[in-house]
Amino acid sequence: MVPMLTFFQSFPVPLQAAALLVLSNLFMTFAWYGHLKSLAQTPWYTAAFISWGIALFEYLLQVPANRIGFTQLNVGQLKIMQEVITLTVFVPFSVLYMQQPLKLDYLWAGLCMVGAVYFIFRGA
C-alpha cells in the first residue's frame with residue numbers, strides 16, 4: 001500500500017477519509033484553477049494537459065478516501081464532507097494563491113455547509 005495511506009490507517013475511518021480528501025482537494029483546486037494564474041499565457045490545451053496530470057494525483061487520493069470512508073459513512077455523508085472540504089481548501093487558495101479578496105459570501109456559503117453537515121449527519 002502507498003506509504004501515505006498506511007500512515008492514515010491508524011486514524012478513525014471518518015478522519016482517514018477526511019484527511020485524504022483534504023490532500024485530494026489541494027490537487028483538485030490547483031488542477032481546476034491554478035492554470036488561471038500560472039499558465040495564463042499558454043494555450044488552453046497545454047493548460048488542460050497539465051491540469052489533467054495534476055488531477056491524476058487528486059484521483060489517487062480521492063478514490064481511496066471514498067472507499068475507506070464508505071466502510072462507515074454513506075454516500076451522502078461522503079459527498080457533504082467533500083463539499084465542506086472543497087470550500088475549506090478553496091477559500092485560502094483563492095485568497096493566498098489567486099490573490100482574490102476575502103468576501104463575506106464565503107462566510108455565508110460556509111454557514112450553509114454547516115447546515116448541510118447537520119442535516120446529513122444528524123441521524124448518524
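The values are calculated or read from the model by the stated rules, or taken from the named source; none is laboratory data. Quantities reported herein were computed from a predicted structural model and do not represent experimental measurements. Cβ coordinates were reconstructed from backbone atoms using ideal geometry, including for glycine residues, and neighbour counts include every protein chain displayed.
Kindly state which helices (runs of 4 or more DSSP H) lie completely within region 12-81 and contain at least 1 residues that are free of Cβ contacts under 8 Å to residues at least 60 places away in the same chain and under 15 Å from the mean Cα position of the chain (by Cα).
Details: elements: 13-29, 35-38, 44-69.
So the answer is 13-29, 44-69.
Specify the residue that is modelled with the lowest pLDDT; the eligible residues are those in region 1-11 that are touching a helix residue (DSSP H, G or I) at 6+ places or on another chain (Cβ under 7 Å) and in a helix (DSSP H, G or I).
So, considering only residues that are touching a helix residue (DSSP H, G or I) at 6+ places or on another chain (Cβ under 7 Å) and in a helix (DSSP H, G or I), the one modelled with the lowest pLDDT is L5.
Exactly one condition in (1) touching a residue at least 24 places away in the same chain (Cβ under 8 Å); (2) out of contact with any helix residue (DSSP H, G or I) (no Cβ under 6 Å at 6 or more places or on another chain) is false for D105; which is it?
All conditions pass for D105, except number (1).
Which ones in region 23-62 are of a type outside the set (G, A, S) and surrounded by fewer than 15 Cβ atoms within 10 Å (Cβ to Cβ)? Give the steps one after another, and end with the answer.
Start the filter on region 23-62 by keeping residues that are of a type outside the set (G, A, S), which leaves 23, 25-30, 32-33, 35-37, 39, 41-46, 49-50, 52, 54, 56-62.
L36, K37, Q41, T42, P43, W44, Y45, T46, F49, W52, L56, Y59 - these are the residues of region 23-62 that are of a type outside the set (G, A, S) and surrounded by fewer than 15 Cβ atoms within 10 Å (Cβ to Cβ).
Suppose we filter Q72, Q41, Q99 for residues that are of a type outside the set (D, E) and at positive phi; which single one remains? Full working, then the answer.
Values: Q72 fails: at positive phi; Q41 fails: at positive phi.
Checking each option against the conditions leaves just Q99.
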